[in-house]
Amino acid sequence: MKMMKDDINEKISPEKAKQLLHEDGFEVTIDQAVMILDFFYLMSEIVVDQYLDTNDSL
């Protein structure tokens, strides 16, 4: 069983993102996949921060 720390450090490669998007019918370049991943990582940080801020006030 993996430790949680290992899971946090794993990232989807742009190549894997391109492949997954292709499987869903979206054609993107590697550069576009990088931008999409950057956006998703930023959004996930914001969501987690907001969640933790909301639960700290309870």
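Working with all protein chains in place, sort 47, 34, 28 by solvent-accessible area computed with a 1.4 Å probe, largest first.
47, 34, 28
The fraction of Cα-Cα pairs per 5 angstrom bin, counted from 0 for segment 18-58, comes to 5, 22, 17, 15, 12, 10, 9, 7, 3 percent, rounded to whole percents.
The values are calculated or read from the model by the stated rules, or taken from the named source; none is laboratory data. Computed from a predicted model, the values in this text were never measured in an experiment. The protein model used for the area step is the full one, side chains on, heavy atoms only, and it has no ligands, DNA or RNA in it. Shrake-Rupley method; radii C 1.70, N 1.55, O 1.52, S 1.80 Å.
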